[in-house]
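Heads up, the thing below is written out as C-alpha cells.
The values are calculated or read from the model by the stated rules, or taken from the named source; none is laboratory data. Since we're looking at a predicted model, the values are computed, not measured. Cβ: placed from backbone, ideal geometry, glycine included. Neighbour counts: every protein chain shown.
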Amino acid sequence: MTATLGRVVATERRPNTPHEFHFWTALDSPVGIGTIVRVDGSEPVNGVRPTVFGVVTEGFSWTDLASPLHDVLGFDGNPGSESQRRTARTEIRLYTAAVLRHIPEEPLQPVPMGTVTLAAEDDVALALRMDGYLREGAHTGIPVGVYRAGGTDSTIWLDADFLLGPEAAHLNISGVSGLATKTSAVEWILQSIFAHFPAQKGSVAAICFNVKGPDLCFLDMPGVIDAADQHLYEQCGVPAAPFEHVQYFAPYRSDGVSLNTLRSNEALLDNVTPLTWGLREVLQYAEVLLNKDDVDAKADALIDFIKENVLDKRFTDSMLERTHSVSSFADLDAWFRDVLRALERKDDQTWRTHHVATIRKVRNRLSNISLRCKGLVADDGATSDLPWGSFEDRTVYVIDVAGLEEDAQDLIFARVVTKLREQLEKHDLGVQHMVVFVDELNKYAPGDGPDTYVRKMLLDISERGRYLGLVLFSAQQFRSQVHRRVVGNAGTALYGRMDGDELATPGYAVLSPAIRTKLATLEKGQLMVRHPHFTQPIFVRFPRPAIMRGRDGVSAYPPAQVQSFSAGVLRSLRVLDPALTLQWIEETTQLATEDEILRARNAVVRERPENVRRAFASHFRAAIAPRAADRSLTPAPLHVPPADDPYGF
Amino acid sequence: MRRLVAASLPLGRPVDDGDAPLELVSMRNDAPRLLSATVLEGHALRTHPVPEGAGEAIAAFLDGTQRSTVVQFSGVVPIIVGVVAAVIRGRRGERLLTWRRAVVERRIYASRAQLGAAAWERLTRGAGELLCDVPFASDAEPHPFALRDAAVHAVQRHRELAEQALAHAWFDAEGGLLFVDGGISGTERMATSRRAVGVVKSHGTLYAQGAALECILGLPQGERSSVFRITSPKRTPVASWYLRLRDAAGHDPLWGLVRVECCERDVGDLSARADALSAAVLQETSPLALPDARWDRMVYGIRDCEELLRAVS
C-alpha cells in the first residue's frame, strides 16, 4: 500500500454517500482530477474492513479568509508586497471523488471515514473491475492506454467482449479537430486489438474509410516516436511498428487513369487497388443516390423491373429492335433508347405498364449516376472491388473516399457496409470480426436532418452489428450533434480535447465541472475513457502511433502528377510489370479510343495476368507496322512528243 | 462531562442555554485602570520609530484558550465545566505546524464548601481527578454569579498553567523566539527568558498617565513607546513598551495598539532589544488575522493557534 495522502471527511452540509466522498490532502500531495484513490475504512462491517476505490472528480481549495477584500487589505492593495510575509495562510485542499467500487460490494453503505492512499497498480485493476477479464486463461483485455498518477503507472485494459462484441460493442471518439487525437487514437486501438485480440475469439480485420486528407494513407509506413511513447508501447505490449498488412482501395478520378487518392506515389502503389463498380453494384443501391423526389413508387417499380428482368440477362421484346444484354451503363442507355424509340414508333404512352415519362425520368436519373460518380462507376460494367469472402486476419483495408463527391461517398459506404453485413450473416467474409471506422459522424449520422440511407445503415450497425461481429468505430467533433442511437450504442467512448461549447451541452452534464475543464484542456495523447466495466470515466495516456503522419507521408511520397492519358495508364500497369514503357503503351494503343484503353487497363488490373504486355495488347486491333513505300526513287522520264507531230501527241 | 455531572447529581437542575461561555460575561467586569510605570529607556515616555528589517525571526507562537459553561445548579451552587487548551505552532518554511501536541484539558469546577459533603462525594466518585474545588468560604452566602466568577478564574489559572508548561517544554527542546499571546510574567522562567516575547492585546490596564498616556495613544504606525518596567507583587518584573501595529486614523486610539513584554535582565542594550522585538512583531502583521474581530492587534500566528484550538477543544 502506498503512503497515506489524505483523510476522508464529511460534514452535514457535505456528506458522503455510497457514490461520492470527500477527502483532504496535504498541499503537496500528487492528487489531481482523474486520480484513482483507495479508502480503507477503520470500522469493520460484517467482520470485514471496507475498502472503497474512487476517482477524483472535483477539487477545492480555500483559506481562512472570509472575504477576498481581507487579503487586499493585508497587502495594502499591493500584490507585490508578498515578500514581507513570513507566514502563509492556512489553506485546505479538499477533493471530491466518485466511487468506482466497494469491496465488499454489499451492504452498499456511504463511504466510511478512513485514510486515503493513491491506488497502486493492483488497486487500479480492482477499482475498474478489470480483474474480471484479466484472469489467467480468460484474458480478454485490450490495452487502451496507461493511467498515471503519483508513482502509479498502470495499463488500462478494455474487455474485448465489450469492445468487439458480443456483450457490447462499438467505440466512439469525440474531440476537436486538428489535434490528431481521433485518428491517432483509432490507429492505436487497432494496433492494440491486432496485438491482443485473443486467438480463441477468432479473426479480426478493419475497414477504414479515409474521408479527409492523408490521415490514413500511410498506415504501413513507419513513423518517428519518442522514448516516452516507446515506453508506453512496451508497457502495453503492443509492437511499436506500423501495420503489417494494409490494403488500399481508391476509385479513379474523372479522367479514369489516375487514382483519386493522396497515396498515388508510384513507390506505394503495390498495395493500392482501384475501386470500380459496374451497373450491377450501383443499381442495387440506387436508393442511396436517388432521393425520394426522384424515386416515387412508379420509378421504383421500373428500377425493380430493370434489376430483375434486364440486368445481366438477355432481354427480348417484340417491340424492341434487338435483343439486349445489359451489363453496363452504356448497355442500359442503349436499352432505354430502344424502348423509347419503340414507344414513339407505336405512338404509345406506356410500355409494360410503365409510363413513358417514368421511363424518361429513370433513364435520366440513372444516366446521371455514371456522371456523378465518374471514376467509381465503370461504364463497361467491369468491377474491381474489395476482397469479399477473403478478408484476412489482422489486416487493415483503407477505402480512400476523401476526394469523392458526396454521392459517391454515400454509395461506397452503403454498399460496403451492407455487403459486410450480408457476408457476416453468411459467415462468408473471411474474418469473424470486422471493425468499420467512419470519421466525421457529424456528417454521416447527424442527429437532425433528413433520414439518409447512410444514417440508416450506421444505425443498423450500431444496433445489430455486435451480434454479427460488425463493429463500428466512429469519430466526430461534436458528439451532441450525432444521432443519439449511434453514439448511445457505442459501448466504449473515448474523449480527446473537447470544445467548450460542446461541453456545455446537456450530454456532458453528468461530468463534474473539473472533469469538463480537464477535457477542454487535455494534452495530445490523453483520452478520457468510458467503458462498461468502468463506473466512472478514466483518463489515460496513449502513445503516438508508430505510423507515418499523413502530412509527413505526403511530403515523403508526393502524389503522382499525371502528365498524359497514356502516362496514367502506364502507371496503373507498371505496378504489375515495371518493365513497361510509355512508348510501348502509346504504340499499342494508338488506334484505340480512350474508353477501349481504359477497358483494357481495367481488365488487366483486375485479372493481374502473368504476361501483362500480352494481356493488355490483346484488347486492341493489331496495328500494321509502318514501312517504307515500295517505289522507285527515280522519277519516270517525261514524255517527249515527236518533233513532227502536228497535233502535239 | 454534562452527562457525568447529571449522573452524579440527579437532583440538580440542568442548564441548557446554548453553552454560552462564561468568559463572555464574567470577565468583562474588570474595571479599566491607569497605572504608572518606571521608564527604563530615558527619563520620560516618548515615541521611538522602529528600524525596518531589524527584526528577529519568530520561531513559534503560543496561545491558549478556555471555555467555561454552567451545566447544572445543585441548589444555588453552579456546577461548571471548563475546558482549557494550549498549543505552540512552530514555523516550517511559511507554514505553521503544531509543535508536539495541543494540550486539551477538561475539568468540573464546583465549590466544595458550598456544595456540601454529600454532593461533593457523589461528584468525586463520578469525576475523580477531573473535579476541582473552587475555594469559597462555607459560612458565606455567595451570589451565584460570584461562585461562577471564581470558577472562571480557576479555569483561567489552569489555562495559564497549561500554557506555561508548554512554553517551558518548548524552551527545553527548541531554539528561537517564542511569540506568546499575552503577558510573560506569569512564571519566573518565561519572564526571564530571552526567547519569549509576550504581546498583550487587551488594554484594561494602561501603564501610563498624563502626558505619557497621550504619547502612547498618539503613537504613529510602526513606532513604539519607551521601555518601562511592569511589576506586580505576585509576578516577575518584565520590560514592556507599547507598539502601534496599524494606522489608527479613523479608529479609536487603542486600535492597532499592543503592549510588548520581554525579560528585563541580561538583554544588554534594552533599546536595541525593544527595536528588534518590535520589528519582529511588526513583521507578523501580514497576513491579516481577519476575519477575527481583533485583527488590528492580533498576528496571524496567534489566529492560527486559536483556529486549531477551536477545532480540537
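Descriptive notes on the structure:
- Subset of segment A:46-56 that is surrounded by 14 or more Cβ atoms within 10 Å (Cβ to Cβ) and in a strand (DSSP E or B) - its residue that is nearest to the other protein chains (Cβ to nearest Cβ): A:Val56
- The set of residues in segment B:265-285 being surrounded by fewer than 21 Cβ atoms within 10 Å (Cβ to Cβ) and assigned to a loop (DSSP other than H, G, I, E, B) consists of B:Arg265, B:Asp266, B:Val267, B:Gly268, B:Asp269.
- Check on B:Arg101, farther than 30 Å from B:Gly218 by Cβ, assigned to a helix (DSSP H, G or I) and without any contact (Cβ under 8 Å) to a residue 24 or more places away in the chain: no
- The number of residues in segment A:582-599 that are within 15 Å of A:Asp255 (Cα to Cα) and of a type outside the set (Ser, Thr, Tyr) comes to 6.
- Residues that are within 9 Å of chain B (Cβ to nearest Cβ) and part of a helix (DSSP H, G or I), drawn from segment A:70-113: A:His70, A:Asp71, A:Leu73, A:Gly74, A:Ser81, A:Glu82, A:Gln84
- Among the criteria (1) more than 14 Å from chain A (Cβ to nearest Cβ); (2) out of contact with any His (no Cβ under 6 Å at 6 or more places or on another chain), the one B:Asp247 does not fulfil is (1).
- Test: A:Ala10 is among the aliphatic types (A, V, I, L, M), surrounded by fewer than 18 Cβ atoms within 10 Å (Cβ to Cβ) and touching a His at 6+ places or on another chain (Cβ under 9 Å): yes
- Residues that are more than 43 Å from the chain's Cα centre (by Cα) and surrounded by 13 or more Cβ atoms within 10 Å (Cβ to Cβ) within segment A:94-110 comprise A:Gln109, A:Pro110, listed in sequence order.
So that you can scan it fast, the table gives a plain yes or no per residue for (1) in contact with a helix residue (DSSP H, G or I) (Cβ under 9 Å, 6 or more places away or on another chain); (2) away from chain A (no Cβ under 14 Å); (3) surrounded by fewer than 22 Cβ atoms within 10 Å (Cβ to Cβ):
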residue: B:Val83; (1), (2), (3): yes, yes, yes
residue: B:Ala86; (1), (2), (3): yes, yes, no
residue: B:Thr98; (1), (2), (3): yes, no, yes
residue: B:Ile108; (1), (2), (3): yes, yes, no
residue: B:Ala119; (1), (2), (3): yes, yes, yes
residue: B:His158; (1), (2), (3): no, yes, yes
residue: B:His168; (1), (2), (3): yes, yes, yes
residue: B:Gly175; (1), (2), (3): no, yes, yes
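To keep it simple, each residue is scored yes or no on (1) surrounded by fewer than 21 Cβ atoms within 10 Å (Cβ to Cβ); (2) at pLDDT 90 or above; (3) not aromatic (Phe, Trp, Tyr).
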position	(1), (2), (3)
A:Ser29	yes, yes, yes
A:Gly34	no, yes, yes
A:Glu58	yes, yes, yes
A:Trp62	yes, yes, no
A:Ser67	yes, no, yes
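- Verdict on B:Ser271 being out of contact with any Leu (no Cβ under 8 Å at 6 or more places or on another chain), within 15 Å of B:Val238 (Cα to Cα) and either more than 14 Å from chain A (Cβ to nearest Cβ) or not polar (S, T, N, Q) (or both): yes
- As for segment B:136-155, it holds no residue that is more than 14 Å from chain A (Cβ to nearest Cβ), over 23 Å from B:Ser193 (Cα atoms), small (Gly, Ala, Ser) and assigned to a strand (DSSP E or B).
- When the residues of segment B:220-264 are filtered to those that are of a type in the set (Phe, Trp, Tyr) and in contact with a strand residue (DSSP E or B) (Cβ under 7 Å, 6 or more places away or on another chain), the one that is surrounded by the fewest Cβ atoms within 10 Å (Cβ to Cβ) is B:Phe228.
- Remark: pairs (first residue in segment A:503-519, surrounded by 13 or more Cβ atoms within 10 Å (Cβ to Cβ); second residue modelled with pLDDT of 90 or more and of a type in the set (S, T, N, Q); Cβ separation under 6 Å; 6+ apart in sequence or on different chains) = A:Thr505/A:Ser480; A:Gly507/A:Ser480; A:Ser512/A:Thr57; A:Ile515/A:Thr57.
- In segment A:581-604, the residues that are in a helix (DSSP H, G or I) form Cβ pairs under 8 Å with partners that are of a type in the set (Lys, Arg), at six or more places apart or across chains, as follows: A:Trp584/A:Arg613.
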